[in-house]
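Working notes, beginning with the structure itself.
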Amino acid sequence: MASSLYSNAQHVDFDSVLAMDDPGMVSMFKAIMASGLRGFLGCPAVVYEDALVDFFENASFRNGVVFSTVDGQIVQITEKLFAEKFELPIEGLGDLSEMPKDAIFDARSIVSLSGEQINLSGRKNQMKMPYRLLCDIVAKAISVKARSFNAITVEKFSLMTAVVCGVKMNWEKYLFGVLMKMVAVKSKQAKGFAIQISLLLATFPAVELGESSEFPASKILSKKTVLRFVSINDRDGAEVVAGAAKKKDVSKTMFKALMASGLRGFLGCPAVVYEDALVDFFENASVWNGVVFSTVDGQIVQITEKLFAEKFELPIEGLGDLSEMPKDAIFDARSIVSLYGEQINLSGRKNQMKMPYRLLCDIVAKAISVKAGSFNAITVEKFSLMTAVVCGVKMNWPKYLFGVLMKMVSAKSKQAKGFAIQISLLLATFPAVDLGEASAFSASKILSKKTVFRFVSMNNKDGAEEAAGDAKKKAVSKKRPAADIEAAVPKKRRTSKKRSISSISSLEMVAVAEEAVPIQQMAEQLDVEEPRCSSADAVDLIIQQVLNET
């Protein structure tokens, strides 16, 4: 949809903002005007959505000219047309790498909230309020960046420096360069300039643009929206300083973020499993042309990505590959989840995180990526998934989750088996298949008020043990030697039980799945945890207690 082209956009109503009673804000907007950007940021706010869709679908560039077809008509946008339409200055720096270092040095003090030079690897809350807003403007309306806007980058700050310190910019060259990146093949440049491109297309009389629509008022900076920005950012600043207010509702915030990411239908679906059917499914499953095939009760079942998405109401727009996760979003998330306020170490352990995010780390490991073994270590994959939730990065969940399912059934794959509830519900959509008797999912593995409190209790104890150090070593010294533990494992594995998804030791998926123990996963057989997991591992302690009670 065309609306996605301006979901993060910003435009400026200069008449409104210049009439504000805030001298700092007025001064900042006057600096934008002085830099030569009024015609670009303050042009009439009208968009032609159908024409924009056509433009970006067919656009390319050659010899410094942007070509496209709109309504079957060829349009050519040159740098000269771009400059003339928005009255952009053509003298000055055309490349941000040429920005004078002394200007950047001065700007770091000018924008600072504390008076000290800001950290260019930090966040925008180091800045005075008008410059936090300027940071958003350059990110959303000039360089057009996607996702999180809290992080300061060299590009953003160089653009801010041009405005704050009055450095002359060849805005024609820079902005047209951004447009060319938008239409380039395989470019990671976010799409934008919706208003400006609409106005450029309107200069071609032969082109039928369709019905025009007004730009959303919430995305136009006026006296009202600027005051709202200040209110929100003041609250953010108060939370950063005070700390306690932010911690109060962070658990609810984490679960709400999970819901907002589109995972409620997947993680919160009815918790019923068909154990015999699951055994059949994994014994006979394979992948062919992107479809999962298996036989259950002698009947062939086919699970497609489309069926997977529809069953769990998963969003299909967004990143399908974690390698595409924006670096600035990861940068922000490392501070957001941190227990101490400093960025966490991505090669460390989850006890660097606030409690809700330790739990989120477990959720993504056990119920989404389905990993086996200890869950204390932070990995790039886990943290990228966490970032998607914490920073609201849109994910194509069907593509990612169905990819995990395909790995589960692929020959020689090391992917742990899981999705027991979800596969059970998918199998139930085939009326010809006799699934056998249904069983309720283990209550200890469903996150509820009770089990979350238990998780917090166990993890608080884990933190206390690590802080004390000596107490932990003392407890370890009294433990059974590793050799004895290893000797105990086969004894437990020889325990005979009724044939089921959770007890057939000859089935490879059971051994792996019980180590992974996804949050909505099958009941485990009587096994002892591997000795490489520490006694302070809160999740392993919970698992062990459940095993002992079985």
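Things to note:
Yes/no per residue for (1) surrounded by 15 or more Cβ atoms within 10 Å (Cβ to Cβ); (2) in contact with a strand residue (DSSP E or B) (Cβ under 6 Å, 6 or more places away or on another chain); (3) of a type in the set (Val, Ile, Thr):
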{"residue": "SER60", "(1), (2), (3)": "no, yes, no"}
{"residue": "VAL70", "(1), (2), (3)": "yes, no, yes"}
{"residue": "VAL75", "(1), (2), (3)": "yes, yes, yes"}
{"residue": "LEU81", "(1), (2), (3)": "yes, no, no"}
{"residue": "GLY94", "(1), (2), (3)": "yes, no, no"}
{"residue": "MET99", "(1), (2), (3)": "yes, no, no"}
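- In the set ALA420, ALA428, only one residue is modelled with pLDDT of 90 or more, under 18 Å from ASP297 (Cα atoms), open to solvent by 40 Å² or more (accessible area, probe 1.4 Å) and of a type outside the set (Ser, Thr, Tyr); that residue is ALA428.
- Across region 34-52, the number of residues qualifying as within 19 Å of PRO130 (Cα to Cα) and open to solvent by 60 Å² or more (accessible area, probe 1.4 Å) comes to 2.
- Selection within region 190-223: residues that are of a type in the set (A, V, I, L, M, F, W, C) and open to solvent by 60 Å² or more (accessible area, probe 1.4 Å). The member of this set that is nearest to ILE137 (Cα to Cα) is ALA217.
- Residues being within 14 Å of the chain's Cα centre (by Cα), under 26 Å from SER457 (Cβ atoms), open to solvent by 10 Å² or more (accessible area, probe 1.4 Å) and not β-branched (Val, Ile, Thr) are entirely absent from region 361-374.
- Residues of region 103-141 that turn out to be of a type in the set (Ser, Thr, Tyr) and more than 27 Å from the chain's Cα centre (by Cα), as a count: 3
- Qualifying residue in region 90-105 (condition: among the small types (Gly, Ala, Ser) and assigned to a helix (DSSP H, G or I)): yes
- Qualifying residue in region 17-32 (condition: out of contact with any strand residue (DSSP E or B) (no Cβ under 6 Å at 6 or more places or on another chain), under 30 Å from GLU208 (Cβ atoms), touching a residue at least 40 places away in the same chain (Cβ under 8 Å) and surrounded by 15 or more Cβ atoms within 10 Å (Cβ to Cβ)): no
- The set of residues in region 144-202 being part of a loop (DSSP other than H, G, I, E, B), charged (D, E, K, R) and more than 30 Å from ILE232 (Cβ to Cβ) consists of LYS168, LYS186.
- ALA333 being under 30 Å from LYS186 (Cβ atoms) and either in contact with a Cys (Cβ under 6 Å, 6 or more places away or on another chain) or not assigned by the TED database to the domain that holds LEU267 (or both): yes
- Residue match in region 116-124 (condition: in a helix (DSSP H, G or I), open to solvent by 10 Å² or more (accessible area, probe 1.4 Å) and at pLDDT below 90): yes
- Selected residue (criterion: most open to solvent (accessible area, probe 1.4 Å)) from residues of region 404-417 that are in contact (Cβ under 8 Å) with a residue 60 or more places away in the chain and out of contact with any helix residue (DSSP H, G or I) (no Cβ under 8 Å at 6 or more places or on another chain): ALA411
- Test: residue in region 235-249 that is modelled with pLDDT of 75 or more and either aliphatic (A, V, I, L, M) or not assigned by the TED database to the domain that holds VAL389 (or both): no
- Flag if LYS80 is closer than 27 Å to ALA194 by Cα and modelled with pLDDT under 90: no
- Criterion: closer than 15 Å to VAL389 by Cα and of a type in the set (Ser, Thr, Tyr) - qualifying residue of TYR274, TYR357: TYR357
- The set of residues in region 431-463 being open to solvent by 60 Å² or more (accessible area, probe 1.4 Å), in a helix (DSSP H, G or I) and of a type outside the set (A, V, I, L, M) consists of LYS449, LYS450, PHE453, ARG454, SER457, ASN460, LYS461.
The values are calculated or read from the model by the stated rules, or taken from the named source; none is laboratory data. The model shown is predicted, which means the values in this text are computed figures rather than measured ones. No Cβ is skipped: glycine too gets one built from the backbone with ideal geometry, and neighbour counts run over all protein chains shown. The protein model used for the area step is the full one, side chains on, heavy atoms only, and it has no ligands, DNA or RNA in it. Shrake-Rupley method; radii C 1.70, N 1.55, O 1.52, S 1.80 Å.
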